[in-house]
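In what follows, a single structure is set out as structure tokens and then discussed.
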Amino acid sequence: MADILQKIASKLYEGEDEEVAELVQQALDSGLTPKEILQDGLIAGMDQVGKDFKAGDLFVPEVLIAARAMHAGMNVLRPLLAASDSPTVGKYVIGTVKGDLHDIGKNLVKMMLEGAGFETVDLGTDVAPEAFVRAVQEHKPRIVGMSALLTTTMVNMKSTIDALQEAGLRDSVKIMVGGAPVTAAFAQQIGADAYAPDAATAVDVARKLA
Amino acid sequence: MSEQVPIETLHPTIRMLSDEQIQAIHNTSLDILSRTGIVMKNEKARRLLLDAGAWESDGRIKIPEHLVMSAIGSAPSRIPMYNRLGELTMPLEGGNVFFGSGSDCVFTIDVETGRRRKATYDDVYRIARLTDGLDEMDFVMSMSNPSDVPPMDVYIHGFVGMIRGSVKPNVYTANHRGDMEDIYRIACAVAGSEQRLRERPFLMLYAESISPLLYPDESVDKLLFCAEKGIPVTYPPSPNTGGGGPITLAGALALGNAECLVGLVLTQLVRPGTPFLYGMNTAALDMRSAIVSYGAPEWPTGMAAWCDIARYYGLPVWGAAGATDSKVVDAQAGLEAAISIMTAFLTRCNLVHDVGYIEYGSTSSMEMLVIADEIIRDVRFIMNGVEVSERTLAREAIHRATPGGGFLADEHTLRNWKWAQFRPRVMDRSRYDEWAERGAKDMAARANERARRILAEHDVPPLPEAAEEEIRAVLRRRAGK
Ligand code: B12
């Protein structure tokens with residue numbers, strides 16, 4: 001039994017999307033629950049990917065290919081997962097702050113979060129504080145992530161936190177910030193809950209917050 | 001013997017692309033423009049393109065070949081750049097190669113404490129002054145986004161810091177048209193008048209589209225501003241391999257070429273003859289760290305390739321060198337800078353920026369600038385080639401020499417040593433004991449000393465009072481006073 005879960009994890013690690021989908025189906029047919037398959041197969045595999053990426057043994061494309069295999073498995077599982085064992089670790093709203101058009105880093109963070117089982121809502125770039133507020137009202141995420149790559153735009157992280165505060169939503173979410181000019185000290189100074197210097201750390205931090 | 005025609009000295013060059021390769025990349029770029037199309041967020045530019053013969057389909061603007069070719073035809077083949085005193089110091093043309101710093105770093109390495117910290121206005125000014133004092137540096141860029149000024153005024157203070165700190169031509173950045181107008185006002189005051197600025201431009205805008213194929217409103221607006229005024233602009237996209245561009249260099253070049261040509265077309269539609277510097281940036285998105293690498297060999301390889309394309313079009317060309325991904329000034333920094341500087345020379349890139357960047361463009365370093373200055377001097381020696389003439393063949397000196405005796409005290413040595421040999425300034429060739437006695441300093445420590453010495457001793461002529469007045473007026477207006 002556990003054999004097949006291990007196989008799912010290792011095929012996922014290798015990025016074999018079709019095989020992962022087939023194995024997930026086989027596991028279901030053999031009587032394993034969707035939740036078991038998710039936790040001990042797919043997520044277990046992705047965890048290993050995350051660990052090895054952080055250690056420098058895996059490269060970004062390998063992580064993305066593994067994430068694709070994760071999605072292939074999820075496509076089989078999703079219709080069967082009851083609301084209670086919701087497929088996601090939590091909802092994560094992410095965007096690049098107002099005035100800033102850099103999104104390569106933000107996109108990578110998003111992809112890694114999805115790989116780790118988060119359901120993400122991507123607001124894109126040049127996202128005004130009001131747009132973050134609206135997204136929080138609409139999607140009720142666990143975490144809001146903001147990206148800024150410019151000295152001139154990182155101040156808009158503070159404006160966004162202020163806007164959430166004013167809308168009475170600040171305490172309903174955890175706020176993470178990141179991007180080249182952002183530091184842990186700055187995060188603390190503007191009242192964010194956490195900072196991460198890169199995508200792999202972002203996943204670890206998000207898991208702790210979620 | 002009567003006077004003979006001298007033997008010409010060969011100065012080494014490289015070619016990265018064959019004619020056939022250039023043609024294939026050019027053709028692909030034309031396909032990208034006419035079949036794939038671009039997304040144009042600036043309404044004025046959209047109208048310009050459509051009125052000139054571009055069309056819209058699938059939500060994209062498609063640009064036909066004839067627009068591109070006529071823009072290449074009307075763009076100047078050379079951009080003579082002046083210093084702010086009105087002297088021609090940087091003719092961007094032919095095989096000329098000019099080096100300068102980079103823009104907008106977040107951090108700097110404090111030259112006094114060695115600590116990495118957020119950059120301030122004073123850093124822009126001081127690094128500009130250092131750059132002014134370095135012989136091999138031909139132009140300045142801001143090197144910092146000052147963190148101690150109001151965020152909306154960052155680019156104004158960046159510009160002011162540069163022109164106060166250096167007389168050398170500058171390449172500046174800006175946020176939007178409002179910044180452009182204020183910078184232009186200050187520049188006119190420096191030059192004396194609008195006409196004088198157009199005749200002797202000492203500044204060039206650096207703006208960029210977003211690869212792939214996206215043209216943001218404000219970025220295009222800045223480009224149009226330069227064309228309206230007829231002042232120099234460069235608009236290099238960054239199809240970084242695996243990030244903004246395909247993972248393969250040929251694809252990145254085809255995309256970057258197409259994207260850059262759109263900028264060219266726009267400037268030439270607004271004002272034929274607008275000085276436009278062609279180029280792009282092909283850094284690599286490193287697949288392990290996910291940083292955009294400034295030390296990767298993809299960049300110089302790409303640079304040599306787009307310099308070949310620029311020559312095919314007959315346009316002056318932009319590039320980058322002298323930067324590193326290293327967090328400190330170490331062997332990696334020297335290695336990455338040397339390789340890129342050598343390539344920039346060999347490919348005859350006209351304007352080479354980013355010299356002195358460390359930490360993949362996040363941090364500026366005065367030590368790195370000083371070391372790169374030394375590397376440039378060193379590589380320039382190689383580029384000078386081997387003069388072959390009666391004075392260098394040393395026929396008579398060889399004839400005179402005692403077999404096994406050497407040339408140290410020969411008249412030929414004493415007469416020619418000064419120009420014939422390279423003399424380093426920062427690199428150390430002293431004997432062990434002397435080196436130890438002088439504190440056993442490594443290259444970074446010596447570069448630090450040289451930087452501090454130049455800062456202490458180098459004088460820069462002040463701005464004309466009219467310019468200082470204009471700066472005060474601009475900042476007053478911005479503060480709402
Ligand atoms: C690529 C790039 C661009 C591209 C962006 C394309 C795109 N689609 O994103 C283009 C060419 C368009 C561009 C434009 C500009 N850029 Co730019 N750009 C870069 C560059 C080279 C790389 C950034 C990048 O993508 N890195 C790769 C990604 C994967 O890394 P990352 O973004 O750092 O993200 C990681 C972490 O920061 C973190 N992270 C990021 N976001 C988040 C969010 C959360 C919630 C968390 C937890 C973590 C996290 O995790 C990510 C993954 O590991 C940097 C220099 C550099 N080497 O870093 C300059 C840089 C950021 N740009 C800079 C500048 C100045 C500009 C311009 C203003 C230039 C100009 N004058 O036009 C414009 C601004 C346009 C605008 N309004 O936004 C400066 C910023 C300086 C400063 N002090 O603010 C830099 C540092 C370069 C420099 N020294 O000049 N740029």
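The values are calculated or read from the model by the stated rules, or taken from the named source; none is laboratory data. Owing to the predicted nature of the structure, the values given are computational and were not obtained by experimental measurement. Cβ atoms come from the backbone with ideal geometry, glycine included; neighbour counts cover every protein chain shown. Accessible surface is based on the protein model in full, side chains and every heavy atom, while ligands, DNA and RNA are left aside. Shrake-Rupley method; radii C 1.70, N 1.55, O 1.52, S 1.80 Å.
Keeping all protein chains in place, calculate the accessible area per residue for chain B (probe 1.4 angstrom), answer in Å².
About 43 Å² of surface per residue is accessible.
For the range A:91-209, what value does the Rg/Rh ratio take when both radii are computed over Cα atoms and Rh is the Kirkwood radius, given to two decimals?
0.91
Give the accessible surface of chain A per residue, rounded to a whole number of Å², with probe radius 1.4 Å and ligands, DNA and RNA excluded.
In whole numbers, chain A has 45 Å² accessible per residue.
Would you work out the charge dipole size for the protein assembly as shown about its Cα centre, treating the Cβ of every Lys and Arg as +1 and the Cβ of every Asp and Glu as -1, and quote it to the nearest 20 debye?
Dipole about the Cα centre, nearest 20: 1420 debye.
Would you calculate a helix-derived [θ] at 222 nm for chain A, using -39,500 (n - 2.57) for each DSSP H run of n ≥ 4 and dividing by the full residue count, to the nearest 500?
Calculated from helices alone, the mean residue ellipticity at 222 nm is -16000 deg cm²/dmol.
For the interface of A with B, what's the total buried accessible surface in square angstrom, probe 1.4 angstrom, rounded to the nearest hundred?
1300 Å²
Can you tell me the orientation of helix B:465-478 relative to chain B, as the angle in degrees between its alpha-carbon axis and the longest Cα principal axis, to the nearest 10?
The helix B:465-478 is inclined about 40 degrees to chain B.
Which net charge results when you count Lys and Arg as +1 and Asp and Glu as -1 among the other residues whose beta-carbon is under 12 Å from that of residue A:159?
With Lys, Arg at +1 and Asp, Glu at -1, the net is -1.
For chain B, what does the helix formula give at 222 nm: sum of -39500 (n - 2.57) over DSSP H segments with n ≥ 4, over the residue count, nearest 500 deg cm²/dmol?
One gets -14000 deg cm²/dmol as the mean residue ellipticity at 222 nm.
Compute the acute angle (0 to 90°) between the alpha-carbon long axis of helix B:411-420 and the principal axis of greatest extent of the alpha-carbon atoms of chain B; round to the nearest 10°.
Value to nearest ten degrees: 20.
Quick one: Cα convex hull volume of the range B:73-383, Å³ per residue?
115 Å³
In percent, how large is the relative contact order of chain A, given Cα pairs closer than 8 Å and 6 or more residues apart?
Once divided by the residue count of chain A, the mean separation gives 18 percent.
How big is the convex hull of the Cα atoms of the range B:31-117, per residue, in Å³?
Spelled out: Cα convex hull of the range B:31-117, divided by residues, is 229 Å³.
Above 43 angstrom, tally the Cα pairs of the protein assembly as shown and express them as a % of all pairs, no decimals.
Of all Cα-Cα pairs in the protein assembly as shown, 32 percent lie more than 43 Å apart.
Can you list the residues of the range B:93-114 that have at least 30 square angstrom less accessible area with all protein chains present than in their chain by itself, probe 1.4 Å?
Hits at the 30 Å² cut-off: B:106, B:107.
Measure out, as a whole number of angstrom, how far apart the alpha-carbon centroids of the range B:329-399 and the range A:170-188 sit.
Rounded to whole Å, the Cα centres lie 42 Å apart.
Less than 13 Å Cβ to Cβ from residue B:429, Lys/Arg counted +1 and Asp/Glu -1: what total charge do the surrounding residues give?
+1
Could you tell me the center-to-center distance, by alpha carbons, between the range B:187-211 and the range B:13-58 in angstrom?
What the calculation gives is 26 Å, centre to centre.
Between the range B:64-123 and the range B:227-272, what is the C-alpha centre distance in whole Å?
That distance is 16 Å.
If I compute solvent accessible area with a 1.4 Å probe over the protein chains, what percent of it on the range A:91-209 is carbon and sulfur?
49 percent
Note the angle between two axes, namely the Cα long axis of helix A:2-14 and the longest principal axis of the Cα atoms of chain A, as a number of degrees from 0 to 90, rounded to the nearest 10.
Long axis of A:2-14 versus the principal axis of chain A: about 50 degrees.
May I ask you to give the percent of accessible area on the range B:84-224 that is carbon plus sulfur, with a probe radius of 1.4 Å?
45 percent
Dipole magnitude of the range B:333-481 about its Cα centre, charges +1 at Lys/Arg Cβ and -1 at Asp/Glu Cβ only, in debye to the nearest 20?
220 debye
Based on the mean of other beta carbon atoms within 10 Å per residue, what is the order of B:149-157, B:200-208, A:51-59, most packed first?
Put in order of decreasing packing, that is B:200-208, B:149-157, A:51-59.
When you look at the Cβ of every residue in A:150-162, what mean number of other chain Cβ atoms sits within 10 Å?
The per-residue average across the peptide is 3.
If we count every other residue with Cβ under 13 angstrom of residue B:206's Cβ, Lys/Arg +1 and Asp/Glu -1, where does the sum land?
Its environment carries a net charge of -3.
Where Rh is the Kirkwood radius over the Cα pairs of chain A, the temperature 4 °C and the viscosity 1.567 mPa s, what D in µm²/s does Stokes-Einstein return?
Reported coefficient: 73 µm²/s.
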